[in-house]
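K.L.:
If you scroll down you'll find the structure; I have some questions about it.
The values are calculated or read from the model by the stated rules, or taken from the named source; none is laboratory data. Source: prediction; values computed, not measured. Ideal geometry is used to build each Cβ from the backbone, glycine not excepted, and the neighbour counts take in all protein chains shown.
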Amino acid sequence: MKDHRLNDTEKGVLVTGGTGYIGSHAVVTLIAAGYNPVIVDNLSNSKVSALERISKITKKKLPFYKIDMRDSAALDKVFQKHPIASVIHFAGLKAVGESVAEPLRYYENNIQSAISLCFVMAKRGVKKIIFSSSAAVYGDASIIPISENCFPEPTNPYARSKIIIEQILQDIHVADPAWRVILLRYFNPVGAHQSGLIGEDPQGTPNNLMPLISQVAVGRRKRINIFGDDYPTTDGTGVRDYIHVMDLAEGHIAALKQIEKTALKKSTQKPMIINLGTGRGYTVMEMLHAFEEVSGKKIPYRITKRRPGDIAACYADTTLARKLLGWKARRGLVDMCADAWRWQSRNPQGYP
């Protein structure tokens, strides 16, 4: 088959949650790869100033719409206004602990947003979607590293909302095999763009390790809480597969190219479920000490009880990503910590 070059219509990509942490880095990467992103975000966990930073990096002014994904009428107007060929769906609530406390809010927001999006996509004949899922769907997996064949056993409402959306997208494909679907199960994104202009800026108290460490390092917090030191790991703290956010963003480009390639074929292409991680895990204490080494800052901490829904260890088998997408993570732990510190030290309070 000849190399397929995208025309202007095929370059349009709707990015939901595009001003968020992962979404903003994906937008920058999409532009570098020759795509034309259109951003939709309700700014519930991001700031519009991220758009200015994206423009500074890419030298482009991007179309942006402040829309709640559940508002299908507003979403439909975006599809009418722009030539959109594919969708990358990042938007959604994502805090594990919060989902345990507010399950209805998580189910209603995350699932209804996905349904609304799919209705509009179907109406406008856009049938290529990459979904931002999570390794949280595996729960406390009995086999490590975790492959895509592991049976999903989510342990919290956030993860359950992800697996429900995965199933919805697979059912849509069964009903209409013209749909091309890739479900990307992320492990733990960390780091920032190497420019230091965009990075992770959670609203309120962060739910993830790296921004907590970073905020202690710049003096915004006195210490971090380590939730449990009695897990069956090397030092008793939880093990996670941390992946640089730019590697993760590049994984989406590989997925998008795969979807475009399979869309050219007449045969039915089943939805792909693919892990994006590095294939190895680090404990909380290993991450803390690595950040101290890079930043030259001491990170005070205290041990507290485990959080509901947390598990001991979680890291990826990345064989399928290499095989199907030709992708693998290239950046290591030092890059993750150095880029996270560059972002946080230059933006101590996050985005303005």
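K.L.:
Which ones in region 317-352 are assigned to a loop (DSSP other than H, G, I, E, B) and aromatic (Phe, Trp, Tyr)?
P.N.:
If the condition is that a residue be assigned to a loop (DSSP other than H, G, I, E, B) and aromatic (Phe, Trp, Tyr), then Trp327, Tyr351 are the ones that fit.
K.L.:
Hey, can you tell me all the residues within region 129-145 that are over 18 Å from the mean Cα position of the chain (by Cα) and at pLDDT 95 or above?
P.N.:
Let us first name the residues in region 129-145 that are over 18 Å from the mean Cα position of the chain (by Cα), namely 140-145.
Correct list: Pro145 only.
K.L.:
On to the next question. Any chance you could count how many residues in region 192-224 are over 16 Å from Gln349 (Cα atoms) and either in contact with a helix residue (DSSP H, G or I) (Cβ under 7 Å, 6 or more places away or on another chain) or at pLDDT 95 or above (or both)? Write out each step before concluding.
P.N.:
Step one: of region 192-224, the residues over 16 Å from Gln349 (Cα atoms) are 193-195, 207-209, 223-224.
Next cut, either in contact with a helix residue (DSSP H, G or I) (Cβ under 7 Å, 6 or more places away or on another chain) or at pLDDT 95 or above (or both) only: 193-195, 207, 209, 223-224.
Qualifying residue count for the region: 7.
K.L.:
Kindly indicate whether any position in region 59-68 is crowded, with 16+ Cβ neighbours inside 10 Å, under 26 Å from Trp343 (Cα atoms) and either within 15 Å of the chain's Cα centre (by Cα) or of a type in the set (A, V, I, L, M) (or both).
P.N.:
Yes, the conditions are met somewhere in region 59-68.
K.L.:
Residues of region 94-134 being crowded, with 16+ Cβ neighbours inside 10 Å, among the small types (Gly, Ala, Ser) and outside any helix (DSSP H, G or I), which ones?
P.N.:
Ala95, Ser132, Ser133, Ser134
Per-residue answers, yes or no, for (1) of a type in the set (D, E, K, R); (2) within 25 Å of Ala338 (Cβ to Cβ); (3) in contact with a strand residue (DSSP E or B) (Cβ under 9 Å, 6 or more places away or on another chain); (4) buried (at least 23 other Cβ atoms within 10 Å of the Cβ):
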residue	(1), (2), (3), (4)
Arg221	yes, yes, no, no
Ile224	no, yes, yes, no
Phe227	no, no, yes, no
Pro232	no, no, yes, no
Gly238	no, yes, yes, yes
Asp241	yes, yes, yes, yes
His244	no, yes, yes, yes
His252	no, yes, yes, yes
Ala255	no, no, yes, yes
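K.L.:
Just to check your reading of the model, which residue among Ala290, Ala316, Ala338 is of a type in the set (A, V, I, L, M) and in contact with a Cys (Cβ under 8 Å, 6 or more places away or on another chain)?
P.N.:
The conditions single out Ala290.
K.L.:
Those residues that are of a type in the set (A, V, I, L, M, F, W, C) and either part of a strand (DSSP E or B) or surrounded by fewer than 18 Cβ atoms within 10 Å (Cβ to Cβ) (or both), I need them from region 273-295; list them, please.
P.N.:
The first filter runs over region 273-295 and keeps only residues of a type in the set (A, V, I, L, M, F, W, C), leaving 273-274, 276, 284-285, 287-288, 290-291, 294.
Once the filter is applied, which keeps residues that are of a type in the set (A, V, I, L, M, F, W, C) and either part of a strand (DSSP E or B) or surrounded by fewer than 18 Cβ atoms within 10 Å (Cβ to Cβ) (or both), region 273-295 yields Ile273, Ile274, Leu276, Met285.
K.L.:
Please find, among Ala313, Ala340, the residue that is of a type in the set (A, V, I, L, M) and buried (at least 20 other Cβ atoms within 10 Å of the Cβ).
P.N.:
One residue alone meets the criteria, Ala340.
K.L.:
Check Ile39, Ile84 and return the single one that is crowded, with 19+ Cβ neighbours inside 10 Å, among the aliphatic types (A, V, I, L, M), in a loop (DSSP other than H, G, I, E, B) and at pLDDT 95 or above.
P.N.:
Ile84
K.L.:
Let me ask you something else. Surrounded by fewer than 16 Cβ atoms within 10 Å (Cβ to Cβ), closer than 30 Å to Tyr35 by Cβ, free of Cβ contacts under 8 Å to residues at least 40 places away in the same chain and over 15 Å from the mean Cα position of the chain (by Cα): which single residue out of Lys261, Lys298, Lys270, Lys265 fits that description?
P.N.:
Lys265
K.L.:
May I ask you to say which residue of Ile213, Ile172, Ile164 is in contact (Cβ under 8 Å) with a residue 60 or more places away in the chain and touching a Phe, Trp or Tyr at 6+ places or on another chain (Cβ under 9 Å)?
P.N.:
Ile213
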